[in-house]
Amino acid sequence: MNSTLKGMTLLSMFTLGGCVAMNKPATPPPATLAEIKSELSLSEQRVHSSLALQQKQLIQQQSDLIARLTHDLKQMKESVNKVDDKLAKLPDASPKPVVVTPAKCPAPAQGHTLDGKLLVGEAEWIWVDAANDAFQARVDTGATTSSISAQDITIFERNGKNWVRFFLSHQDAEDRIQIEAPLVRHVRVRQASADDLDRRPVVRLAVRLGDMTEKAEFTLKDRSDMAFPVLLGREFLKDIAVVDVAREYIQPKPQLKDVK
(Lines give C-alpha, C1' and ligand atoms only; values in the text may rest on other atoms or scores of the structure.)
Protein backbone atom coordinates (compact mmCIF):
# COMPACT_ATOMS: atom_id res chain seq x y z
CA MET A 1 0.00 0.00 0.00
CA ASN A 2 2.88 2.23 0.73
CA SER A 3 4.24 1.47 -2.70
CA THR A 4 0.98 2.50 -4.23
CA LEU A 5 0.95 5.85 -2.36
CA LYS A 6 4.48 6.66 -3.40
CA GLY A 7 3.62 5.87 -6.99
CA MET A 8 0.60 8.16 -6.92
CA THR A 9 2.61 10.91 -5.34
CA LEU A 10 5.26 10.75 -8.02
CA LEU A 11 2.61 10.72 -10.68
CA SER A 12 0.97 13.84 -9.21
CA MET A 13 4.25 15.67 -9.05
CA PHE A 14 5.04 14.80 -12.60
CA THR A 15 1.63 15.92 -13.70
CA LEU A 16 1.87 19.24 -11.86
CA GLY A 17 5.34 19.85 -13.14
CA GLY A 18 4.18 19.35 -16.67
CA CYS A 19 1.29 21.79 -16.22
CA VAL A 20 3.57 24.39 -14.82
CA ALA A 21 5.90 24.09 -17.69
CA MET A 22 3.10 24.38 -20.19
CA ASN A 23 1.59 27.63 -18.63
CA LYS A 24 4.89 29.67 -18.60
CA PRO A 25 4.78 32.47 -21.27
CA ALA A 26 7.19 32.38 -24.10
CA THR A 27 9.99 35.04 -24.14
CA PRO A 28 9.55 37.47 -27.13
CA PRO A 29 12.39 37.78 -29.53
CA PRO A 30 14.50 40.97 -29.30
CA ALA A 31 13.37 43.92 -31.52
CA THR A 32 15.36 44.63 -34.57
CA LEU A 33 17.00 48.08 -35.32
CA ALA A 34 14.46 48.78 -38.02
CA GLU A 35 11.64 48.19 -35.61
CA ILE A 36 13.27 50.52 -33.04
CA LYS A 37 13.70 53.29 -35.66
CA SER A 38 10.12 52.85 -36.76
CA GLU A 39 8.88 53.12 -33.18
CA LEU A 40 10.96 56.28 -32.59
CA SER A 41 9.66 57.82 -35.79
CA LEU A 42 6.09 57.11 -34.78
CA SER A 43 6.70 58.61 -31.32
CA GLU A 44 8.24 61.72 -32.90
CA GLN A 45 5.29 62.07 -35.22
CA ARG A 46 2.88 61.77 -32.30
CA VAL A 47 4.80 64.50 -30.40
CA HIS A 48 4.80 66.83 -33.42
CA SER A 49 1.12 66.19 -33.95
CA SER A 50 0.39 66.99 -30.32
CA LEU A 51 2.47 70.22 -30.45
CA ALA A 52 0.83 71.29 -33.68
CA LEU A 53 -2.59 70.72 -32.20
CA GLN A 54 -1.72 72.71 -29.08
CA GLN A 55 -0.29 75.53 -31.23
CA LYS A 56 -3.39 75.58 -33.37
CA GLN A 57 -5.61 75.70 -30.29
CA LEU A 58 -3.49 78.60 -28.87
CA ILE A 59 -3.70 80.53 -32.13
CA GLN A 60 -7.46 80.02 -32.18
CA GLN A 61 -7.74 81.25 -28.59
CA GLN A 62 -5.68 84.35 -29.46
CA SER A 63 -7.82 85.00 -32.51
CA ASP A 64 -10.99 84.72 -30.44
CA LEU A 65 -9.54 87.11 -27.84
CA ILE A 66 -8.55 89.65 -30.51
CA ALA A 67 -12.02 89.42 -32.03
CA ARG A 68 -13.66 90.04 -28.65
CA LEU A 69 -11.35 92.99 -27.93
CA THR A 70 -12.04 94.46 -31.36
CA HIS A 71 -15.77 94.10 -30.78
CA ASP A 72 -15.52 95.71 -27.32
CA LEU A 73 -13.43 98.62 -28.66
CA LYS A 74 -15.95 99.19 -31.44
CA GLN A 75 -18.80 99.33 -28.92
CA MET A 76 -16.83 101.69 -26.68
CA LYS A 77 -16.10 103.97 -29.63
CA GLU A 78 -19.76 104.02 -30.58
CA SER A 79 -20.71 104.87 -26.99
CA VAL A 80 -18.16 107.70 -26.88
CA ASN A 81 -19.46 109.06 -30.18
CA LYS A 82 -23.02 109.04 -28.82
CA VAL A 83 -21.90 110.90 -25.70
CA ASP A 84 -20.01 113.43 -27.84
CA ASP A 85 -23.11 113.97 -29.95
CA LYS A 86 -25.22 114.59 -26.84
CA LEU A 87 -22.63 116.97 -25.40
CA ALA A 88 -22.43 118.85 -28.68
CA LYS A 89 -26.19 119.46 -28.55
CA LEU A 90 -26.03 120.87 -25.01
CA PRO A 91 -25.71 124.66 -24.57
CA ASP A 92 -22.18 125.86 -24.02
CA ALA A 93 -21.82 126.35 -20.27
CA SER A 94 -18.09 126.93 -20.27
CA PRO A 95 -17.05 130.32 -18.87
CA LYS A 96 -16.29 132.84 -21.53
CA PRO A 97 -12.91 134.52 -21.30
CA VAL A 98 -13.25 138.02 -19.97
CA VAL A 99 -11.24 140.52 -21.92
CA VAL A 100 -10.24 143.32 -19.61
CA THR A 101 -9.23 146.48 -21.33
CA PRO A 102 -7.00 148.53 -19.11
CA ALA A 103 -8.60 151.83 -18.32
CA LYS A 104 -6.79 154.78 -19.71
CA CYS A 105 -5.87 157.28 -17.06
CA PRO A 106 -7.23 160.62 -18.23
CA ALA A 107 -4.82 163.47 -18.35
CA PRO A 108 -5.37 166.02 -15.59
CA ALA A 109 -7.10 169.24 -16.51
CA GLN A 110 -4.98 172.33 -16.96
CA GLY A 111 -3.83 173.55 -13.56
CA HIS A 112 -5.12 170.46 -11.68
CA THR A 113 -3.56 167.44 -10.05
CA LEU A 114 -4.37 163.85 -11.03
CA ASP A 115 -7.07 163.63 -8.36
CA GLY A 116 -8.75 166.83 -9.59
CA LYS A 117 -7.46 169.24 -6.96
CA LEU A 118 -6.51 172.77 -7.91
CA LEU A 119 -2.79 173.34 -8.34
CA VAL A 120 -1.65 176.73 -7.05
CA GLY A 121 1.68 178.46 -6.72
CA GLU A 122 3.11 180.76 -4.08
CA ALA A 123 1.15 183.64 -5.61
CA GLU A 124 -2.11 183.60 -7.59
CA TRP A 125 -4.78 185.91 -8.98
CA ILE A 126 -8.12 185.74 -7.13
CA TRP A 127 -11.45 187.26 -8.15
CA VAL A 128 -13.58 188.90 -5.46
CA ASP A 129 -17.24 189.12 -6.48
CA ALA A 130 -18.08 191.93 -4.02
CA ALA A 131 -15.31 194.07 -5.49
CA ASN A 132 -16.00 192.94 -9.06
CA ASP A 133 -12.27 192.75 -9.68
CA ALA A 134 -9.25 190.45 -9.47
CA PHE A 135 -6.41 190.88 -6.99
CA GLN A 136 -3.04 189.32 -6.41
CA ALA A 137 -3.02 186.92 -3.46
CA ARG A 138 -0.20 185.37 -1.50
CA VAL A 139 -0.66 181.66 -0.74
CA ASP A 140 0.46 181.02 2.85
CA THR A 141 0.02 177.53 4.31
CA GLY A 142 1.36 178.82 7.63
CA ALA A 143 -1.68 181.05 8.16
CA THR A 144 -4.92 179.51 9.41
CA THR A 145 -7.46 182.02 8.11
CA SER A 146 -7.38 184.02 4.90
CA SER A 147 -7.15 187.80 5.07
CA ILE A 148 -8.13 190.72 2.84
CA SER A 149 -6.99 194.33 2.98
CA ALA A 150 -9.57 196.62 4.60
CA GLN A 151 -9.69 200.27 5.66
CA ASP A 152 -12.35 202.35 7.42
CA ILE A 153 -14.09 199.28 8.82
CA THR A 154 -17.65 200.00 9.98
CA ILE A 155 -20.06 197.55 11.58
CA PHE A 156 -23.74 198.26 11.03
CA GLU A 157 -27.09 196.50 11.24
CA ARG A 158 -29.13 195.37 8.24
CA ASN A 159 -32.42 193.46 8.58
CA GLY A 160 -31.60 192.64 12.17
CA LYS A 161 -28.16 191.22 11.34
CA ASN A 162 -24.67 192.67 11.72
CA TRP A 163 -22.89 193.69 8.54
CA VAL A 164 -19.49 195.17 7.81
CA ARG A 165 -18.62 197.99 5.42
CA PHE A 166 -14.98 198.52 4.48
CA PHE A 167 -12.82 199.86 1.68
CA LEU A 168 -10.43 197.59 -0.15
CA SER A 169 -7.39 199.55 -1.21
CA HIS A 170 -3.86 198.74 -2.20
CA GLN A 171 -0.76 200.52 -3.29
CA ASP A 172 -1.32 199.47 -6.92
CA ALA A 173 -5.02 200.42 -6.95
CA GLU A 174 -6.05 203.86 -8.17
CA ASP A 175 -9.39 203.96 -6.30
CA ARG A 176 -10.67 202.47 -3.11
CA ILE A 177 -13.42 199.87 -3.56
CA GLN A 178 -16.28 199.80 -1.07
CA ILE A 179 -17.41 196.34 0.00
CA GLU A 180 -20.32 195.33 2.24
CA ALA A 181 -20.63 191.79 3.63
CA PRO A 182 -22.33 189.98 6.53
CA LEU A 183 -20.31 189.82 9.73
CA VAL A 184 -19.53 186.21 10.65
CA ARG A 185 -17.63 186.65 13.94
CA HIS A 186 -14.59 188.26 15.49
CA VAL A 187 -11.22 186.56 15.98
CA ARG A 188 -8.19 187.47 18.02
CA VAL A 189 -4.90 187.30 16.14
CA ARG A 190 -1.47 187.67 17.70
CA GLN A 191 0.87 189.89 15.68
CA ALA A 192 4.34 188.55 15.05
CA SER A 193 5.88 191.86 16.15
CA ALA A 194 3.68 192.40 19.23
CA ASP A 195 2.48 190.53 22.27
CA ASP A 196 -1.04 191.94 22.23
CA LEU A 197 -3.94 190.17 20.52
CA ASP A 198 -5.57 192.05 17.63
CA ARG A 199 -9.38 191.67 17.47
CA ARG A 200 -10.49 191.45 13.83
CA PRO A 201 -13.91 191.05 12.19
CA VAL A 202 -14.45 188.08 9.86
CA VAL A 203 -16.60 188.22 6.72
CA ARG A 204 -17.59 185.63 4.15
CA LEU A 205 -16.91 186.55 0.51
CA ALA A 206 -17.50 184.76 -2.78
CA VAL A 207 -14.20 184.38 -4.64
CA ARG A 208 -12.98 182.63 -7.76
CA LEU A 209 -9.56 181.01 -8.21
CA GLY A 210 -8.94 179.45 -11.60
CA ASP A 211 -12.11 177.50 -12.44
CA MET A 212 -13.11 177.12 -8.78
CA THR A 213 -15.69 179.36 -7.10
CA GLU A 214 -15.94 179.28 -3.30
CA LYS A 215 -17.35 181.24 -0.38
CA ALA A 216 -14.48 181.75 2.02
CA GLU A 217 -13.97 183.53 5.32
CA PHE A 218 -11.55 186.48 5.45
CA THR A 219 -10.29 188.48 8.39
CA LEU A 220 -10.25 192.26 7.78
CA LYS A 221 -6.86 193.97 8.16
CA ASP A 222 -5.18 196.93 6.55
CA ARG A 223 -2.64 195.38 4.19
CA SER A 224 -1.96 198.49 2.12
CA ASP A 225 1.71 198.43 3.14
CA MET A 226 2.12 194.75 2.15
CA ALA A 227 2.97 193.27 -1.22
CA PHE A 228 -0.35 191.44 -1.61
CA PRO A 229 -3.83 192.77 -0.70
CA VAL A 230 -5.13 189.22 -0.17
CA LEU A 231 -3.68 186.29 1.77
CA LEU A 232 -5.00 182.73 1.31
CA GLY A 233 -4.64 180.50 4.39
CA ARG A 234 -4.98 176.78 5.16
CA GLU A 235 -8.73 176.78 5.75
CA PHE A 236 -9.29 178.02 2.22
CA LEU A 237 -6.78 175.63 0.63
CA LYS A 238 -7.51 172.39 2.50
CA ASP A 239 -9.21 169.59 0.53
CA ILE A 240 -9.42 171.69 -2.65
CA ALA A 241 -5.89 172.74 -3.60
CA VAL A 242 -2.29 171.60 -3.68
CA VAL A 243 0.45 174.22 -3.32
CA ASP A 244 3.65 174.20 -5.37
CA VAL A 245 5.78 176.83 -3.64
CA ALA A 246 8.35 176.73 -6.44
CA ARG A 247 5.88 178.26 -8.93
CA GLU A 248 3.71 181.37 -9.21
CA TYR A 249 0.49 182.21 -11.05
CA ILE A 250 -0.27 178.70 -12.21
CA GLN A 251 -3.94 179.61 -12.56
CA PRO A 252 -4.96 182.19 -15.19
CA LYS A 253 -6.05 185.64 -14.10
CA PRO A 254 -9.88 185.58 -13.64
CA GLN A 255 -11.91 187.83 -15.89
CA LEU A 256 -15.30 189.44 -15.41
CA LYS A 257 -17.97 186.94 -16.49
CA ASP A 258 -20.43 188.05 -19.14
CA VAL A 259 -23.89 188.69 -17.70
CA LYS A 260 -26.55 187.22 -20.01
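The values are calculated or read from the model by the stated rules, or taken from the named source; none is laboratory data. Keep in mind it's a predicted model, so treat the numbers as computed, not measured. Neighbour counts run over all protein chains shown; Cβ positions are idealised from the backbone, glycine included. Surface accessibility is based on the protein's heavy atoms, side chains included, excluding ligands, DNA and RNA. Shrake-Rupley method; radii C 1.70, N 1.55, O 1.52, S 1.80 Å.
Simple spin-label estimate for T113 and T27 gives 13.5 nm between the two label positions (7 Å along the Cα-to-Cβ direction from each Cα).
I'd like the carbon and sulfur percentage of the solvent accessible area for segment 111-206, probe radius 1.4 Å, heavy atoms only, ligands and nucleic acids excluded. With neighbouring chains kept in place, the figure for segment 111-206 is 40 percent. Amide H contacts of V164: F156, A181, L183, each under 5 Å away and 5 or more positions distant or on a separate chain (H built 1.01 Å from N in the peptide plane; Pro and chain starts excluded). Extension gain for the segment T213 to V242, taken as residue separation times 0.36 nm less the Cα-Cα distance, is 8.9 nm to one decimal.
For Q62 and A34, the FRET efficiency from 1/(1 + (r/R0)^6), where r spans their Cβ atoms and R0 equals 45 Å, is about 0.60.
I need the peptides 113-124, 31-42 ranked by packing, meaning the mean over residues of other C-beta atoms within 10 angstrom, with the highest value on top. Each step should come with its number before you reach the end.
Working: 113-124: 16.2, 31-42: 9.8.
The densest-packed peptide leads the list: 113-124, 31-42.
The accessible-area ordering, largest first, of the residues E180, E44 stands as E44, E180, per a 1.4 angstrom probe.
Report the relative contact order of segment 118-209, percent, no decimals, based on alpha-carbon pairs under 8 angstrom and at least 6 residues apart. Show your work: numbers first, answer last.
Details: 148 pairs, mean separation 23.0, N = 92.
For segment 118-209, the relative contact order is 25 percent.
When nucleic acids and ligands are ignored and a 1.4 Å probe is applied, K74 ends up with an accessible area of around 130 Å².
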